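Data first, discussion second: the structure below is written as C-alpha cells.
The values are calculated or read from the model by the stated rules, or taken from the named source; none is laboratory data. It should be emphasised that the depicted structure is a prediction, and the values quoted were computed from it without experimental measurement. Cβ placement follows ideal geometry from the backbone for every residue including glycine, while neighbour counts extend to all protein chains displayed.
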Amino acid sequence: MGEKEESVNLRELITDIDVEKIAGNPDLEIEGVTYDSRKIQPNFLFVAISGFKEDGHHFIREAIERGAKAVIVEEEIRIPFPKIVSVKVPSSRLALAQISNRFYGFPSGQIRVIGITGTNGKTTTTYLIESILKRCGFRVGKISTIDYSLGRGFSFSSITTPESEDLQRMIRAMVDDHLDYVVTEVSSHALVLHRVEGVEFDWAVFTNFSPEHLDFHKNLDEYLEAKISLFKGLGKKTKKKVPKGAIVNIDDPVANYIMAETPCRIITYGIKKEANVRGKVLEVSSNGVHFILEADRIEKINLSLLGIHNVYNALAAASVGMGEEISFALIKEGLESLRKIPGRLEPIENSQNLRVFVDYAHTADGLEKVLQALREVVEGRLLVVFGCGGDRDRRKRPLMGKVALKLADYSVITSDNPRSEDPEEIIVQIEKGVKEAGGERERDYLIIVDRREAIKEALERMRKKDTLLIAGKGHERVQIFKDRVIKFEDKKVVQDLLGRE
C-alpha cells in the first residue's frame, strides 16, 4: 500500500493477527481505527484496550452509538447490536498495533526511522540527531517527550512514545508530507505495550541504563529485557531493502548484553573504552563542553550543552550521522548549532541575572548527572529544588535524597507530580535518604510542600554567584494532583518571581 486508502476491508485488516473468534461477517469497509471511543466516527473500528485506569470494553456501547461498525475485544462480551462485527483476540494492544500498521499502509517502510532508547538522554539525543539531519537539508519529523513535530507545526506531547494507532498515524502524515526521517524516543513502556510493534527501525540507539520504572517492570532484568527487545527486532519483517544498525554506548555496563542480542551492524561510542566513535573531553565551562570527536578522523566540537553526560548524547548522535554517511563537517555543524533544549539543563533568563536552570532529571542517576555537570562550573553555592513523582517507583526516593545531599550545598525538598499519593508522605521518603546520609534539617535542607513556594524560598536564598537547579519536571506545563491538574511550569514560575530579562 502507498498512501492510506479511504477505507480498508476488515477481513484484510485482521489478516495477520491472532484471531480467536469472529462474530458477524468481517467483509465490511472500515474508514478509521481508534482505541478512544470519543474519537469514533461512522464506519470506524473500535479496539477495546484494558488500560491502567479505564477498560475500553466498558465503552463499547458508546463507540457503537457513535458509529463503530466493528469492535476488537479480548474478553467474552455480549454485544446487543446484531449488525456489529466482533473480533476476539488474545491481546487488544498487539492487535491495535498490527491493524493500525496495515490500515495506514505500513508507513515506516517508506521513511528512515531512528529510535532512541535508554534510561536518560533520549530527548537530548533525539534533538541532536534532528539537528544533524536538518543541517544536511533533510526534512525531519520528531517524536519526543517534549513534543511531536510532524513536519508542519508541532504539538506538545503527553507521553514519550504515543499509542500504536497514534504513532502509525503520525508516521503516515510524515510520509505523506514527504519527510525523509522520523527520529523517535522509544520508552520501555512502549516496547512492552506493543506501541512500536510493526515500526521498521533503521537505527536503534542505546544511551544508558539505570534503575527506573520499577513501578511498571517487576525488576531490573525485566526492564533491561524491554530495552533489548528494540535491538532484537532490528531487521525483522523489513520492507526497506537497506541494512539496519545499532548505536551502543560501550561505556555502559549492559552494553555487552545488548550487543549480544543485536543481529545487525553495531557502531559503538564512548569516552572511557575503545569505541568506533570516541570522545575526549578537553574543557568543561559554563558555556558548554569542548571535546574531541574521533572516528576515522578527528574533529573538535564546541557543544553548548552542559555536562559530560551530554558529550555521550552528542557521540550517540554523531554515530548515527556517520552510519548515515554524513560528513564530519555537517555532523560538527549539527552538534554545535543546537544551543539548548527545553527543560534539559535549560538556563532561565531573568531580570536579576541569577544562574537558574530547570531540568527533567527525575531519577537518582539523572539528578546525579545534572548536579555533577553544574558542580564543575559553579562559582558560588549549588542549590537544588526537587521532589519525586507519585504513583512511581518508591525505591528511588531516598536515593535521590542522598544524591542531593552529596552534590548540592543546600536542598529544598518539595512536590513533583504527587498524582494519587500524599505529597507529604513522598517527601518523608525522600527525607529518609537525606537523614541516612547524615543530612540535618535547616543546615542542609528545607522542606516546603508547595512547589511554587519552594522555588521562591530557594531564589530568596541565592547569592550573586550561586547556581540553582530546579529538577524533576523540566519542560512539563502542568502539575498533577489526586483531584486536580493545574497549570505549572517551573520556567514561568522563576520568571514570574524574578522578572523576565
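The set of residues in the range 350-363 that are in a loop (DSSP other than H, G, I, E, B) and under 16 Å from the mean Cα position of the chain (by Cα) comprises 360, 361, 362, 363. The strands (runs of 3 or more DSSP E) falling completely within the range 214-294 that include 1 or more residues that are among the small types (Gly, Ala, Ser) and surrounded by fewer than 17 Cβ atoms within 10 Å (Cβ to Cβ) map to 277-285.
Within the range 364-453, which helices (runs of 4 or more DSSP H) (wholly inside it) include 3 or more residues that are of a type in the set (Val, Ile, Thr)?
Working: elements: 364-375, 396-407, 423-436.
Correct list: 423-436.
The residue that is surrounded by the most Cβ atoms within 10 Å (Cβ to Cβ), among those in the range 433-471 that are within 20 Å of residue 489 (Cβ to Cβ) and touching a Ser or Thr at 6+ places or on another chain (Cβ under 6 Å), is 451. The residues on offer are 365, 359, 393, and the sole one that is at pLDDT below 95 and within 30 Å of residue 278 (Cβ to Cβ) is 365. Among the numbered conditions (1) touching a residue at least 40 places away in the same chain (Cβ under 8 Å); (2) out of contact with any Phe, Trp or Tyr (no Cβ under 8 Å at 6 or more places or on another chain); (3) over 21 Å from residue 356 (Cβ atoms), the only one that residue 418 does not meet is (2). Checking each residue in the range 251-285 for being in contact with a Pro (Cβ under 9 Å, 6 or more places away or on another chain) and either over 16 Å from residue 117 (Cβ atoms) or modelled with pLDDT under 95 (or both) picks out only 265. Within the range 468-501, the residues that satisfy the criterion of being out of contact with any strand residue (DSSP E or B) (no Cβ under 8 Å at 6 or more places or on another chain) and not in a loop (DSSP other than H, G, I, E, B) are 480, 492, 493, 495, 496, 497.
Residues that are within 24 Å of the chain's Cα centre (by Cα), surrounded by fewer than 21 Cβ atoms within 10 Å (Cβ to Cβ) and farther than 21 Å from residue 208 by Cα do not occur anywhere in the range 367-386. Scanning the range 30-67 for residues that are more than 22 Å from residue 172 (Cα to Cα) and assigned to a helix (DSSP H, G or I) yields 56, 57, 58, 59, 60, 61, 62, 63, 64, 65, 66. Cβ separations smaller than 7 Å between residues 6+ apart or across chains give the following pairs from the range 245-272 residues that are farther than 14 Å from residue 228 by Cα to residues that are among the polar types (S, T, N, Q): 250/268; 267/276; 267/319; 268/276; 269/249; 269/276; 269/319; 270/249.
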